[in-house]
Amino acid sequence: MEKNTHMILAMDVTDREEALKIAEDVQEFVDAIKVGYPLILATGLDIIRDLAEFAPVIADFKVADIPNTNRLICEQVFEAGADAVIVQGFTGRDSLDACIEIASEYGKDVFVVSEMSHPGGAEFMQPIAEAIAKMALEARAFGLVAPATRPERVKEIRKIIRDRLTIISPGVGAQGGKASDVIAAGADWVIVGRSIYKAESPKEAAREIAEEIQAELGGK
Ligand code: C5P
């Protein structure tokens with residue numbers, strides 16, 4: 001995944017035409033499009049290939065099963081045209097290894113959730129986030145998902161993985177995180193959903209956040 005705009009769109013709309021229109025409108029401002037259960041359950045897996053016309057697609061299935069099932073899920077995701085998959089880390093090293101094994105067969109990437117961005121993410125996941133980050137590092141994942149709502153946590157995770165893994169960070173805008181703060185804390189990409197796709201003009205909303213990120217990076 002190329003790092004140009006440092007922004008990923010979380011495409012959580014449930015209408016195919018709307019998704020394609022938004023993707024077309026914002027493609028110049030995003031490095032990837034993240035799709036998950038809302039859009040895929042509503043429209044089918046083919047939406048991955050349709051959106052991949054505009055930007056690489058990250059399939060956010062937060063895969064969390066036994067190794068064999070993880071393997072089967074990841075095969076479907078990559079066959080469908082995704083460039084990366086998001087998986088949970090709490091299911092353990094063998095489950096993660098199964099995803100990474102399939103991803104490497106396809107030449108694709110795995111992101112591991114270390115901690116979720118909503119308030120409940122601090123309840124059970126935060127205490128094990130560092131251990132998950134270390135495991136993802138050892139397992140040679142491509143990156144981690146760390147919360148934009150808690151930039152100090154992104155900083156902590158960055159210290160653990162140094163520059164050996166990437167960080168994608170959801171929670172900007174609707175959940176309260178600020179793109180420039182999260183980039184300053186060490187995220188490679190921010191993930192933005194509602195603040196873009198629910199805006200009157202998704203394109204202008206994306207442009208604004210992209211400019212904020214560029215200003216932060218330019219100031220370094
Ligand atoms: O609309 P909003 O910008 O809050 O969207 C954030 C996106 O990132 C959603 O698709 C959500 O499922 C996802 N996500 C998250 N926290 C994580 C992992 C994924 O908010 N740890």
*In debye, nearest 20, what is the charge dipole magnitude of the stretch 128-205 about its Cα centre with +1 on Lys and Arg Cβ and -1 on Asp and Glu Cβ, if you could check?*
120
*Rounded, prolate or oblate: which one fits the stretch 50-151, using the alpha carbon gyration tensor with axes a ≥ b ≥ c (rounded when a/c is under 1.5, else prolate when a/b beats b/c, else oblate)?*
oblate
*Mind putting a number on the dipole of the chain about its Cα centre? Charges go on the C-beta only, +1 for Lys and Arg and -1 for Asp and Glu, and I need it in Debye to the nearest 20.*
740
*Roughly speaking, what % of Cα-Cα pairs in the stretch 143-187 are separated by over 11 Å, rounded to a whole number?*
57
*Can you run phi through the Karplus equation (6.51, -1.76, 1.60; θ = phi - 60°) for the stretch 109-114 and list ³J(HN,Hα) in whole Hz, with x for Gly and Pro?*
10, 10, 10, 10, 6, 9
*For residue 54, distant residues with modelled amide H under 5 Å away*: none
*Using only the Cα atoms of the stretch 107-180, construct the convex hull and provide its projected area averaged over every direction, in square nanometres to one decimal.*
5.0
*Considering every pair of different Cα atoms, what Kirkwood radius, in Å, is found for the stretch 1-101?*
13.8
*In the stretch 1-157, what is the count of Lys pairs whose alpha carbons are under 20 Å apart, counting only pairs at least 8 residues apart or on separate chains?*
9
*Would you pull out the residues with amide H under 5 Å of residue 166's amide H, same chain only if 5 or more places away, H placed 1.01 Å from N?*
143, 144
*Within the stretch 121-195, GluC sites (Glu not before Pro) in DSSP loop having at most 14 other beta-carbon neighbours inside 10 Å*: 123
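May I ask for the equivalent-ellipsoid semi-axes of the chain, computed as the square root of five times each C-alpha gyration tensor eigenvalue and listed largest first in whole Å? Intermediate results must be reported in sequence, preceding the final value.
Working: eigenvalues 118, 97, 42 Å².
Equivalent ellipsoid semi-axes, largest first: 24, 22, 15 Å.
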*Given 26, 1, 64, which one lies farthest toward the positive end of the charge dipole of the stretch 1-84, if we put +1 on the Cβ of every Lys and Arg and -1 on the Cβ of every Asp and Glu?*
64
*Just report the Cα centroid separation between the stretch 147-220 and the stretch 81-144, whole Å.*
19
*Picking from 180, 169, 201, which is most flexible by a Gaussian network model of the chain using Cα springs under 10 Å?*
201
*Could you give me the ³J(HN,Hα) list for the stretch 42-47, computed from phi with Karplus coefficients 6.51, -1.76, 1.60 and θ = phi - 60°, whole Hz, x at Gly and Pro?*
7, 10, x, 5, 4, 4
*Considering only DSSP beta bridges where both residues belong to the chain, give the percentage that are antiparallel (nearest 5).*
0
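Computed from the coordinates by the stated procedures, all read-outs in this text should not be read as laboratory data. Quick caveat, the model's predicted, so the values are computed rather than measured. In this analysis, Cβ positions are derived from the backbone assuming ideal geometry, glycine residues included, and neighbour counts consider all displayed protein chains.
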